[in-house]
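For reference, the structure is listed below as structure tokens.
The numbers here are math on the coordinates, done by the rules we state, and not lab data. As the structure is a prediction and not an experimental result, all values here were calculated from the model. Ideal geometry is used to build each Cβ from the backbone, glycine not excepted, and the neighbour counts take in all protein chains shown.
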Amino acid sequence: MPSNFAGWLELSLGITTVAITVGFIALGFILLAKLWKGNIDLKGLISEDGKASLSRFQFMLFTFAIVPSYFLLVVQYIAFASEFAEVLKAKNQIDAASASAFFGALALPGVSENVLYLIGISSGSYLGSKVTQKVAETSQKKGAQQAAETAKAPGWQ
């Protein structure tokens, strides 16, 4: 068992990371099993015309790929910071109060611009497909309405 705060912090971080990872894996298997049995309806990935929607699938895929990746990045960032603080304390280059201040000053790791661009492109393509779909539906309704009005006009019967 660890005898110092950083050791306990590292142990609790490790246990929490394993628990969350196992939870995500279990959730993934549950979702796959429900998909296999047909309990989860995939109509949300299909566009209104009955075809597969690439933009919806891409948006979902990027979401499920980037969120766990960022979570692992945060865990690695915290683990590295705790190991770095331990090395500094072992070399007597930092005291416990400074180590606490160091941990208190930690911020979330940044997300690269490329990842933000990819998420923006994915979201934009999804939004663009929805706008295009709504415009097409509206123009079809207006066309049908105009055809009906024209058919009712005198002289067209």
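Quick rundown of the values:
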| item | result |
| --- | --- |
| Inter-probe distance in nm under a simple model that places probes 7 Å from Cα toward Cβ, at residue 117 and residue 84 | 2.7 |
| Rounded FRET efficiency, nearest 0.05, which uses the C-beta distance separating residue 67 from residue 125 and R0 of 25 Å | 0.85 |
| Ranking of 149, 10 by count of other Cβ atoms within 10 Å, fewest first | 149, 10 |
| Nearest-0.05 FRET efficiency for residue 75 and residue 27, computed from C-beta distance (R0 22 Å) | 0.80 |
